[in-house]
Ligand code: GNR
Ligand code: NI
């Protein structure tokens, strides 16, 4: 396993659409998921999309366990949203690719999802609460969308300008 660098906005690679895993989930995909999980734990974060480490594949890892709970890694290959509730709720989001910026985003409260797990088994699940927030945030990454893209232009520019300033200071 390896910790890999996380891409930071406005890196153009974060804007690209990730491609589905074709065929079965292989050991190479599992090695990527292992690296993603280790990178996410190290950051630390609760979710990570493959494109955040520069791999444009429709793969996500997540662990929503609190620090006092045992680790509970989850793996998502080719996730799809089958249904989303009309009801939306705000949640204060952050992103490892938009460091040190947090703001409320409204998303459907409930979603029904389908994906393949670490072993390539197809799963259908209902998600709500933080799970629903996180899977929608991660699936946005697969489309090249960041949480700041859901904010007003003013707020988005503010977040991006801060990152550009930080980069110039390096
Ligand atoms: O670690 C993360 N925390 C988080 C908090 C609220 C809503 C979404 C997230 S996901 C984020 C990690 C990340 O950037 N995943 O893409
Ligand atoms: Ni993110």
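Select, from 102, 118, the only residue that is surrounded by fewer than 20 Cβ atoms within 10 Å (Cβ to Cβ), modelled with pLDDT of 95 or more and under 24 Å from residue 33 (Cα atoms).
118
Report the residue count in region 63-78 for those that are out of contact with any helix residue (DSSP H, G or I) (no Cβ under 6 Å at 6 or more places or on another chain), farther than 15 Å from residue 139 by Cβ and within 16 Å of ligand 2 (Cβ to nearest atom).
Looking only at that region, the number is 1.
On the given criteria, is residue 89 surrounded by fewer than 20 Cβ atoms within 10 Å (Cβ to Cβ) and either at pLDDT 95 or above or not in a strand (DSSP E or B) (or both)?
It is true that residue 89 is surrounded by fewer than 20 Cβ atoms within 10 Å (Cβ to Cβ) and either at pLDDT 95 or above or not in a strand (DSSP E or B) (or both).
Return the residue satisfying two criteria in turn: it lies in region 29-45 and is buried (at least 21 other Cβ atoms within 10 Å of the Cβ) and closer than 16 Å to residue 137 by Cβ, and of such residues it is farthest from ligand 1 (Cβ to nearest atom).
Taking the candidates together, the pick is 36.
When the residues of region 46-57 are narrowed to those that are buried (at least 24 other Cβ atoms within 10 Å of the Cβ) and in contact (Cβ under 8 Å) with a residue 40 or more places away in the chain, which ends up farthest from residue 77 (Cα to Cα)?
Looking at residues that are buried (at least 24 other Cβ atoms within 10 Å of the Cβ) and in contact (Cβ under 8 Å) with a residue 40 or more places away in the chain, I get 52.
Would you point out the residue of region 34-62, among those that are farther than 21 Å from residue 10 by Cα and over 11 Å from the mean Cα position of the chain (by Cα), that is farthest from ligand 2 (Cβ to nearest atom)?
Result: 34.
Failed condition for residue 132, given (1) modelled with pLDDT of 95 or more; (2) touching a helix residue (DSSP H, G or I) at 6+ places or on another chain (Cβ under 9 Å), with all others met?
(2)
Scanning for something within 20 Å of residue 33 (Cβ to Cβ), surrounded by 13 or more Cβ atoms within 10 Å (Cβ to Cβ) and over 14 Å from the mean Cα position of the chain (by Cα), does region 73-83 turn up at least one residue?
Within region 73-83 (the criterion being within 20 Å of residue 33 (Cβ to Cβ), surrounded by 13 or more Cβ atoms within 10 Å (Cβ to Cβ) and over 14 Å from the mean Cα position of the chain (by Cα)), the answer is no, since none of the residues qualifies.
The values are calculated or read from the model by the stated rules, or taken from the named source; none is laboratory data. Keep in mind that this is a model prediction, so the values were computed, not measured. Note that we place each Cβ from the backbone using ideal geometry, even for glycine, and neighbour counts take in every protein chain shown.
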